[in-house]
């Protein structure tokens, strides 16, 4: 059982470095977002910023890849995304087709490169 | 529950959390730790960032800053999701769990599913959908943790690649207004520029400027 839980110190770190830094933004959104009207102009701006920050997170994973993804060369990561996006558009916005195509491009090229 | 099963994003989440479970195992965190991070952090990129920064020997404060910068997006997401399910009778405490469950997948699915759900049932719908997604991910975290030793480098790279692909396409499909599309494209393009500043809050810089420009384009197109 102690293997399952590990040490309490690590769980404390999880709380401080993982849970609180996340929840603070959600609860702030709950607190401030309570009064905004659906369809208001402010909400269009807020949604545009949320979309753009998410785009930044996507770009960060591609430009500064974590862990094992760093073993895939940059040009290959970008071509996989471009190919996936092309298929996504051609298939009338199928997320599944886009993701599968992007993964196939990356895996097959990586395998072919050795 | 049908909604949980019918979304491709659930599959992507499952695979992503396999990867997070494996990452936690390789960085010598306990299974309970990994499960607690899935249940209480509930944001894939934040968990990947948390585990990899702590694993690389960063201090708790450094890890907390890296995580909180990636989590800023949750703020506008919560703000934009909540008005969709509020009724005049809704108290703020009814929305606490919805706010906790809000992450990219749920945010995207809200815009897809909620228009078909009667307003007074939307909170219950989100509790069901979000709870289902969390359960799926807890299972995936456990399996990933158990399998970690057998994962190849290539497979691990493929799992990490799922996040940008799925986030990009699901956000792109949700772009209904011009402002959303412009924000997505500009947000991608501006991040590498903002990263050159190396400010530690690059994503915030590129996100707020790209979002504001996109809103400006929306206003300009809408006319005076």
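Percent of Cα-Cα pairs more than 17 Å apart in segment A:72-114, please. Percentage above 17 Å: 26. For the segment B:168-178, counting C-beta atoms of other chains within 10 Å of every residue's C-beta and taking the mean gives 6. Sequence-distant contacts, meaning Cα pairs under 8 Å at least 6 residues apart, place the relative contact order of chain B at 29 percent.
Computed on segment B:177-224, with alpha-carbon pairs under 8 angstrom and 6+ residues apart, the relative contact order is 48 percent.
When only Cα pairs below 8 angstrom with a gap of at least 6 residues are kept, segment A:72-114 shows a relative contact order of 43 percent. Springs join every pair of Cα atoms under 10 Å in this Gaussian network model of chain B, and among B:39, B:140, B:149 the largest mean-square fluctuation is at B:149. When B:59, B:68 are arranged by Cβ crowding within 10 Å, least crowded first, meaning fewest neighbours, the order is B:59, B:68. Of B:111, B:75, B:14, the residue with the greatest mean-square motion in the GNM of chain B, using alpha carbon springs below 10 Å, is B:75. Considering chain A, its Cα convex hull presents a mean projected area of 12.0 nm². Among B:220, A:112, a tally of other beta-carbon atoms within 10 Å of each Cβ gives an order, fewest to most, of A:112, B:220. The mean count of C-beta atoms from other chains within 10 Å of the C-beta of residues in B:34-41, rounded to a whole number, is 4. Put simply, the C-alpha atoms of chain B give a gyration tensor, and the ellipsoid matching it has half-axes of 29, 24, 16 Å, longest first. Sort segment B:103-224 into rounded, prolate or oblate with this rule: let a ≥ b ≥ c be the square roots of the eigenvalues of the Cα gyration tensor; rounded if a/c is under 1.5, and if a/c is not under 1.5, prolate when a/b is larger than b/c, oblate otherwise. Oblate, because a/c is 1.5 or more while a/b does not exceed b/c. With no solvent and one equal point scatterer placed on each C-alpha of the protein assembly as shown, evaluate the Debye formula and give log10 I(q)/I(0) for q = 0.10, 0.14 Å⁻¹, two decimals. Taking Cα atoms of the protein assembly as shown as identical point scatterers yields -0.56, -1.16.
When chain B is treated as a GNM, springs tying every alpha-carbon pair under 10 Å, which of B:77, B:85, B:196 comes out with the largest mean-square fluctuation? Of B:77, B:85, B:196, the Gaussian network model singles out B:196 as fluctuating most. Neighbour counts of C-beta atoms inside 10 Å place A:7, B:180 in the sequence A:7, B:180, starting with the fewest.
Shielding by partners for peptide A:102-112, expressed as the average number of C-beta atoms from other protein chains within 10 Å of each residue's C-beta, is 3. Directionally averaged projected area (segment B:177-224, Cα convex hull): 3.1 nm².
FYI, it's all coordinate maths here, none of it is from the lab. Predicted model only: the values in this text are computed from it and were never measured. Quick reminder, even Gly has a Cβ in these numbers, built from the backbone with ideal geometry, and neighbours come from all protein chains shown.
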